[in-house]
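*Asks:* My questions all concern the structure below.
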Amino acid sequence: MVKSRQRFRTYFGWLLATAGVIVAACFAVNCLVDPLWYLRGNVLTGVNYAFNERLAAITRFLPRLADYDCVIFGTSRASLLPEEKIEGYRCYNLSVSDGTAPEYVLYAKYLRERGYKPRLMIVDVKRAEFIGPEQAVEVPDFIRSGAAPPSIFASYLSLDALDFSIRTLRAASPHHRYYDADFHAQLEVRSKRHRYDPKGPIEPMPPPFDVHAERAAAYVELRRQFPTARAIGYIPPESAWRIAAFSLTGQLDAYLAAIGRVAAAYDEFRDFSIPSALTESKEGTYDGSHYSRAVNARVLADLMAKQSDLAVDWRKEDVAGITALYHKRLAQFLEATSEAEAAPKR
């Protein structure tokens, strides 16, 4: 009986020690890869993926609030803005994949409750948010409750985080974007076989395409969260082929009227989705919606300048004038596209 108990204790001791080593190894790997951005990011390869962007982006921001006097709210499109090039400000890019204004409002309220008061706020306004069924609001529970984020131990002693780490080391990105060692978003290099190459004739965008102008209220509420900040709103570049397809549904005017309500609440508001040399080109984008960091550098320069060659300024034109300009440029683009499609192929 004594020997049996000793063997059991030895076995149990080795079992605990093995479990401890496994747990420690799990925690160590997660700290080195840092898939949820608690520390310095991935120190093994320098490549960071956004497996849970809504958690990771705010987790990284919170310990550094005092370091930033500017914040960007937006979707994955805005994540590609080179925020480090904004002169006179230190800007944190809080953009998340497929983000929505109600989510940004919750983040803004959470930050404000922690005393954060930016001097500059840049907001990406998403066209798709005004169209079709309303998107579910997805933010971490602690953002809703106002509590502290999960501790690094709770997060990194988990198999979910270990799975993220393993996928990071295997370069299994969940998106076509990744973040470099400085947490600047980059587009993956894609082969020419995957280049953006829309072809005519342009057909109306498939349903749903009903416009919900009331959703502009969330962007207005977002602006009110930081009343002393200089607030710049903008609509990112979008391929003229995509905008033309939407215009053929007959819903363009209703959408632009909703944008007018948003623009009126911001100090500055630029629209880069109107057909232009930038959006009529097939270069610089893999899907007509996400543009490269180089293109976004041009967008950012225009946002911070007093005038833009790429966008329409909603604070200098009324809704009627901008709507007329949209229709004019779209008619020119559709005509040019039809002529190009009709021309004999060589």
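The values are calculated or read from the model by the stated rules, or taken from the named source; none is laboratory data. None of these values were measured; they are calculated from a predicted model. Note: ideal-geometry Cβ built from the backbone for every residue, glycine included; neighbour counts use all protein chains shown. Only protein heavy atoms, including side chains, enter the accessible area calculation; ligands, DNA and RNA are left aside. Shrake-Rupley method; radii C 1.70, N 1.55, O 1.52, S 1.80 Å.
*Asks:* In percent, how large is the relative contact order of the chain, given Cα pairs closer than 8 Å and 6 or more residues apart?
*Replies:* 19 percent
*Asks:* Once fully extended, how much extra length lies between Arg90 and Ala25, figured as 0.36 nm per residue of separation less the alpha-carbon to alpha-carbon distance?
*Replies:* 19.8 nm
*Asks:* Still on this structure: What net charge do the residues around Lys126 carry, taking every other residue with its C-beta under 14 Å from that of Lys126, with Lys and Arg at +1 and Asp and Glu at -1?
*Replies:* So the environment of Lys126 carries a net charge of -3.
*Asks:* Can you classify region 107-195 as rounded, prolate or oblate using the Cα gyration tensor, where a ≥ b ≥ c are the square roots of its eigenvalues, rounded means a/c under 1.5, and otherwise it's prolate if a/b beats b/c and oblate if not?
*Replies:* Note, shape of region 107-195 comes out oblate.
*Asks:* Still on this structure: Label region 57-151 by shape, choosing from rounded, prolate and oblate, from the square roots a ≥ b ≥ c of the eigenvalues of the Cα gyration tensor; if a/c is under 1.5 it is rounded, and otherwise prolate applies when a/b is larger than b/c, oblate when it is not.
*Replies:* Oblate.
*Asks:* Could you tell me, in Å, what Rg and Dmax come out for the Cα atoms of region 31-105?
*Replies:* 12.5, 36
*Asks:* Gap in Å between the Cα centre of region 283-346 and the Cα centre of region 230-248?
*Replies:* So the two Cα centres are separated by 8 Å.
*Asks:* Need one word for region 130-253: rounded, prolate or oblate. Basis is the Cα gyration tensor (sqrt eigenvalues a ≥ b ≥ c); a/c below 1.5 gives rounded, then a/b vs b/c decides.
*Replies:* Working: a/c = 2.17, a/b = 1.27, b/c = 1.70.
Cα axes put region 130-253 in the oblate bin.
*Asks:* Express the accessible area of the chain per residue in Å², computed with a 1.4 Å probe while the remaining protein chains stay in the model. Intermediate results must be reported in sequence, preceding the final value.
*Replies:* Details: 17100 Å² over 346 residues.
I get 49 Å² per residue for the chain.
*Asks:* Cα axis of helix 216-225 to longest principal axis of the chain: angle in degrees, 0 to 90, nearest 10?
*Replies:* 60 degrees
*Asks:* A further question on this structure: Measure nothing fancy, just the Cα-based angle from helix 2-33's long axis to the longest principal axis of the chain, in degrees from 0 to 90, nearest 10.
*Replies:* 30 degrees
*Asks:* Work the Kirkwood hydrodynamic radius out for region 227-346: mean of 1/r over every pair of different alpha-carbon atoms, inverted, in Å.
*Replies:* Working: mean 1/r = 0.0657 Å⁻¹.
The answer is 15.2 Å.
*Asks:* As a test of the formula, what do you get for the chain when each DSSP H run with n ≥ 4 contributes -39,500 (n - 2.57) and the sum is divided by the residue count, at 222 nm and rounded to the nearest 500 deg cm²/dmol?
*Replies:* On the way: 12 runs with 145 residues, N = 346.
Computed ellipticity for the chain at 222 nm equals -13000 deg cm²/dmol.
*Asks:* Could you tell me how many degrees, from 0 to 90 and to the nearest 10, lie between the Cα long axis of helix 319-342 and the main elongation axis, the longest principal axis, of the Cα atoms of the chain?
*Replies:* The helix 319-342 is inclined about 90 degrees to the chain.
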